[in-house]
1. Taking the Cα of residue 63, stepping 7 Å toward and past its beta carbon, and measuring to each backbone N in region 78-115: which are under 19 Å?
2. Using 1/(1 + (r/R0)^6) with R0 = 22 angstrom and r between the beta carbons of residue 46 and residue 414, what's the FRET efficiency to the nearest 0.05?
3. Taking only the alpha-carbon atoms of the chain, what semi-axes of the equivalent ellipsoid follow from 5 times the gyration tensor eigenvalues under a square root, in whole Å, largest first?
4. Between 81, 114, 130, whose Cα lies farthest towards the positive end of the dipole of region 69-144 when Lys and Arg beta carbons carry +1 and Asp and Glu beta carbons carry -1, centred on the Cα centre?
5. If the elastic network links every pair of Cα atoms under 10 Å, which of 133, 160, 191 fluctuates the most in the Gaussian network model of the chain?
6. Which values, in whole Å and largest first, are the semi-axes of the equivalent ellipsoid of region 159-200 obtained as the square root of 5 times each eigenvalue of the Cα gyration tensor?
7. So how far, in whole Å, is the C-alpha centre of region 308-369 from the one of region 117-188?
8. Give me the percent relative contact order of the chain, please, defined on Cα pairs under 8 angstrom at least 6 residues apart.
Amino acid sequence: MDRIAVRQSGPLEGTVPISGAKNSVLKLMAATALAPGEFLLHNVPDIADVTWMGELLTTMGMTVERPAPGDLRIVHDGTLVPEAPYELVERMRASIVVLGPLLARYGRARVALPGGDDFGPRPIDMHLRGLEELGASFEFAHGYIEARADQLTGARVLLEFPSVGATENVLLAAVLAKGTTVIDNAAREPEIADLASFLNRMGARVLGAGSSTIQVDGVEQLAPVEHTVIPDRVEAATFLAALGVAGGELLLAGARHDHMDMYAAKLGEMGMRISPDSEGIWAMSTRRLRAVDVSTLPYPGLATDYKPLFVAMLATADGVGIVTENLFAGRFRYVDELVRMGADIRTEGHHAVVRGRPLLSGAPVRAPDIRAGAALVVAALKAEGETIVGDAHHIARGYERFVEKLRAIGADVRAC
Ligand code: EPZ
């Protein structure tokens with residue numbers, strides 16, 4: 001069932017349970033390599049990427065199991081094989097974050113070089129430079145990074161760009177390094193703060209996560225812990241976009257407004273009402289969205305992962321909006337699919353000019369990646385006739401029970 005059929009829908013009504021954050025749990029799973037014993041994670045989404053990271057940890061010698069829905073138990077005795085094979089890394093770039101913890105704990109790692117993907121070239125130079133500052137050395141052979149570090153030593157790491165992955169890899173290495181590491185121009189995403197709180201529970205000494213300067217005082221050893229993953233702000237953003245396009249009223253149970261206030265403010269400018277609620281986020285949309293201009297930036301700016309959602313909303317909004325992508329040059333591949341649905345979108349370099357139409361027309365389209373796939377489903381909620389979104393396996397990589405959750409709030413969608 002690798003397709004999703006969508007018909008015009010709305011208003012949407014009800015409650016959507018927001019799952020744990022994909023972009024946090026994958027890093028927490030990698031962090032378990034730092035200490036032997038039994039870890040228990042709660043609020044873990046049932047998505048393909050978690051399964052794949054579980055497979056990677058299993059090839060290293062860990063036991064990864066789901067004792068109950070939403071829970072993940074990870075156990076190992078500390079004798080891991082510090083290797084991440086090509087077949088697994090090639091499938092999921094996030095696998096690269098095993099590099100830091102393996103280097104810190106085992107003094108060596110053999111990790112396949114992640115290639116580019118839907119968004120164009122995605123180098124890891126900042127990851128490697130940061131780890132080199134701590135004393136690691138790298139050789140490249142047969143598509144693999146051979147990493148070595150007899151002893152990691154704390155240092156000042158100034159990142160050229162607040163890269164999420166580079167910040168996480170350096171942080172994961174620094175917790176067991178000798179002395180103090182300061183990561184300057186660090187990424188500030190909420191997922192970084194969740195990783196830091198997980199590491200501090202394990203006995204690490206991380207200060208300043210969530211700000212652009214993180215200080216890590218290395219410790220001798222860490223211990224396994226229990227932890228609850230933060231909610232997925234991109235999943236929450238996706239359901240808010242569906243609400244904006246189709247109208248109605250929703251409660252996003254478990255969502256954190258404080259993790260996405262810039263996004264909520266932008267949707268407010270478009271005419272939606274959104275506010276924090278004791279159970280999560282409450283939102284309402286009663287009229288056609290107003291067009292706005294959008295630029296993506298590192299957190300707390302508007303996340304690049306929200307951008308396909310904005311283009312989908314602007315496709316049927318009132319007016320013209322200019323969308324500017326500042327993180328990933330090639331992240332406009334889904335535009336042709338929206339144009340196939342009758343949208344009026346012109347792209348020029350890292351800008352897209354979207355002229356809103358009252359209604360799109362249903363068509364067969366393909367999901368090029370996780371977020372763009374979800375955005376095509378969102379856009380199709382305001383398309384006459386039926387839209388078939390193919391390659392829906394991309395969506396399943398990052399969204400738990402997507403079709404089920406949409407159907408529960410009245411959207412006319414089905415897997416087919
Ligand atoms: C994380 O990717 C997320 N993935 C992405 O979400 C998200 O889009 C991105 O952060 C930005 O918020 C996960 O957490 C698994 P970066 P990451 O390093 O860590 C350049 C999703 O759909 N760069 O912050 O790979 C890079 O090319 C995914 O959930 C270098 O040049 O992103 C990009 O232009 C998609 N050299 C920019 O920095 C480096 O060494 C930001 O990348 C590292 C990054």
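A short reminder: the numbers here are calculations on the coordinates, not readings from a lab. Worth saying up front: this structure is predicted, and the values here are computed from it rather than measured. Glycine also receives a Cβ, built like all others from the backbone with ideal geometry; neighbour counts cover every protein chain displayed.
1. Once the point is set 7 Å along Cα→Cβ of residue 63, 78-81 turn out to lie under 19 Å by backbone N, inside region 78-115.
2. Numbers: r = 19 Å, r/R0 = 0.88.
With R0 = 22 Å, the Cβ-Cβ based efficiency is 0.70.
3. After scaling each eigenvalue by five and taking roots: 38, 21, 20 Å.
4. It is 81.
5. Maximum fluctuation in the GNM of the chain, among the listed residues, is at 160.
6. Semi-axes (√(5λ), whole Å): 16, 14, 7.
7. Between the Cα centres of region 308-369 and region 117-188 lies a distance of 35 Å.
8. Details: 1035 pairs, mean separation 85.7, N = 416.
Relative contact order for the chain comes out at 21 percent.
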